[in-house]
Amino acid sequence: MTLTRLQLRLLVALLDLAQADQPANVKRLAERLDLRLKVVAIELNRLDELGLVHAGRVRLSMSGLVLAAGARSRLGARGTAALLAA
């Protein structure tokens, strides 16, 4: 499975929000990633179809959690900031 950069950004952002104990929603993700609400909603639905998020709950699935954690750890602290800003 190949994910787009945007999809990886969403997964990492969802992980960051969960670890900060902040509820995730489309608006918060859009603001955090500087994207339009519609773009976030569409990509969440695509990630849901891949089994990586529960779009209705705006939460990572277990598979999504594994991918998000792996992506974040490979990038390191500096890379995560760059990934979220891209």
Problem - Nonlocal amide H pairs with Val53, under 5 Å, H built at 1.01 Å - result: Asp48, Ser61
Completion exercise
Classified through the alpha carbon gyration tensor (a ≥ b ≥ c as square roots of its eigenvalues; rounded if a/c is under 1.5, else prolate when a/b is larger than b/c, else oblate), segment 16-66 comes out oblate
Problem - Spherically averaged projected area in nm², based on the convex hull that wraps the Cα atoms of the chain - result: 4.9
Exercise for the section: Compare the Cα positions of Leu14, Asn45, Leu35 along the charge dipole of the chain (+1 at Cβ of Lys, Arg; -1 at Cβ of Asp, Glu; about the Cα centre) and return the one farthest towards the positive end. Expected result: Leu35
Handout entry: Karplus (6.51, -1.76, 1.60) ³J(HN,Hα), θ = phi - 60°, over segment 50-56, in Hz, Gly and Pro reported as x
Key = 7, x, 9, 9, 9, 4, x
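Since every read-out is calculated from the coordinates, none of them should be taken as a lab result. Because the structure is predicted, anything quoted here is derived from the model rather than measured. Every residue, glycine as well, gets a Cβ built from its backbone with ideal geometry; the counts of neighbours run over all protein chains shown.
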